[in-house]
Every structure is written in structure tokens, then in C-alpha cells.
Amino acid sequence: MGYPIHVFRLASLDAKRMVNINKVPLDKRYETITVLHELLIRGTAPLCSMLPSLSYPTPVDGTTTIVDLEGVSFSLMWSLRTHLQQASVLANANFPETM
């Protein structure tokens, strides 16, 4: 038993888009982050809660998130730093039930 794991592999993203992420308007970035968390709350968590378990049904109300930096240069990772910090702040402020 435990939380579902979300793995974000940054190396699989288009490098050009990653470099330009900070040029995307803040409200658009917040919208994308919100959609990801809503998908977790309305899709992933209920699905995982319905999976058969060894003892009794356990509601899933959180997740474990791994940001995989393998294959990402330090300079590219540094340019994504602000976006990742904003995503963390937004999630903690608006979706504390998933933390």
C-alpha cells in the first residue's frame, strides 16, 4: 500500500520548450499545473483507491512525485528552477490534500 508515483522525466521534453518555459505567461503555467493536480484528484486517486488491496479498500489521497533530471544539463535545470519552484508553491497552497 502507498501512494501512486508520478515520474516527470525532464530529458524527454523538447529542449527548446524547456528553455523557453519562463517566456510562457504565468497564468498559462498555473493553468497547466492546476490541470495536472485536478487529474490527480479526479482521476488517478479514485482509480488507485478502487484497485484491489490485500486487506480493505484504502482511499488514496496523495502522490509521490519524482522529477528525473537524468540527461538534463545543469544550465537547463537551472533555467527550469523558477518554474519548478512556482509549481511547488502552487501545489502546496491550492492542493494541500495531495501533499
In degrees rounded to 10, the 0-90 angle between helix 74-94 Cα long axis and the longest Cα principal axis of the chain is 40 degrees
Amide H neighbours of Val67 under 5 Å, at least 5 residues apart or on other chains, H built in the peptide plane: list them.
-> Phe8
Dipole magnitude (debye, nearest 20) for the chain, charges at Cβ of Lys, Arg, Asp, Glu = 360 debye
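Normalised by the number of residues in the chain, what is the relative contact order in percent for Cα pairs under 8 Å and 6+ residues apart? Walk me through the numbers on the way to the answer.
Numbers: 87 pairs, mean separation 46.5, N = 99.
RCO, the chain: 47 percent.
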Residue-by-residue Karplus 3J(HN,Hα) for the range 29-46, coefficients 6.51, -1.76, 1.60, Hz, glycine and proline x = 5, 4, 4, 5, 5, 4, 4, 4, 6, 5, 4, 4, 5, 9, x, 5, 4, x
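For Arg9, Arg81, what's the largest-to-smallest order of accessible area, 1.4 Å probe?
Details: Arg9 120, Arg81 85 Å².
Solvent-accessible surface, decreasing: Arg9, Arg81.
The values are calculated or read from the model by the stated rules, or taken from the named source; none is laboratory data. Everything numeric in this text was worked out from a predicted model, so none of it was measured. Reconstructed Cβ throughout: ideal geometry from the backbone, glycine too, with neighbour counts over all protein chains shown. We work out accessible area using only protein heavy atoms, side chains counted, and drop any ligands, DNA or RNA first. Shrake-Rupley method; radii C 1.70, N 1.55, O 1.52, S 1.80 Å.
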